Amino acid sequence: MNDISVLLYSRVSLNQDFPDYKLKQDDPATLIDTVPDLEGSEEGYLLEVFNALGESIGVVTVPKSAVSPLRLDGNFVSTLIGFGFIALQSE
């Protein structure tokens, strides 16, 4: 289970695919609310997902363990453009 706390309205990334939502691992989103654990399984996060133009494409609920803080690594740089993201592959 993911024990990392993420602040509301933080930029986050998914750490797994969600085919039902057509979302893939590493897709960026914004955390907009938390969902309490009502069934004894796991707290959830309500995420707003944007396209590369910064347009909102939907709001989804995912388990807390499926979200990580947005990170930069050696091969991938994420740049915020308005409310959206553009991903640049390093050479």
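Each reported figure results from applying straightforward, stated rules to the coordinates on display, with no laboratory input. What you see is a predicted model; the values in this text were computed from it and never measured. Here the Cβ is made from the backbone with ideal geometry for all residues, glycine too, and neighbour counts use every protein chain on show.
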Could you go through region 24-35 in sequence order and give the Karplus-derived ³J(HN,Hα) for each residue, using 6.51 cos²θ - 1.76 cosθ + 1.60 with θ = phi - 60°, rounded to whole Hz, and x for Gly and Pro? 10, 3, 6, 5, x, 7, 10, 6, 10, 5, 10, 10
Rounded to the nearest 0.05, FRET efficiency between Ser5 and Glu55 (Cβ-Cβ, R0 25 Å) equals 0.30
For region 43-48, just list the computed ³J(HN,Hα) in residue order, Karplus coefficients 6.51, -1.76 and 1.60, θ = phi - 60°, integers in Hz, with x standing in for Gly and Pro. 4, x, 10, 9, 10, 9
For region 52-61, 3J(HN,Hα) per residue [Karplus equation, 6.51 cos²θ - 1.76 cosθ + 1.60, θ = phi - 60°, Hz, x = Gly/Pro]: 5, 8, x, 8, 5, 10, x, 10, 10, 10
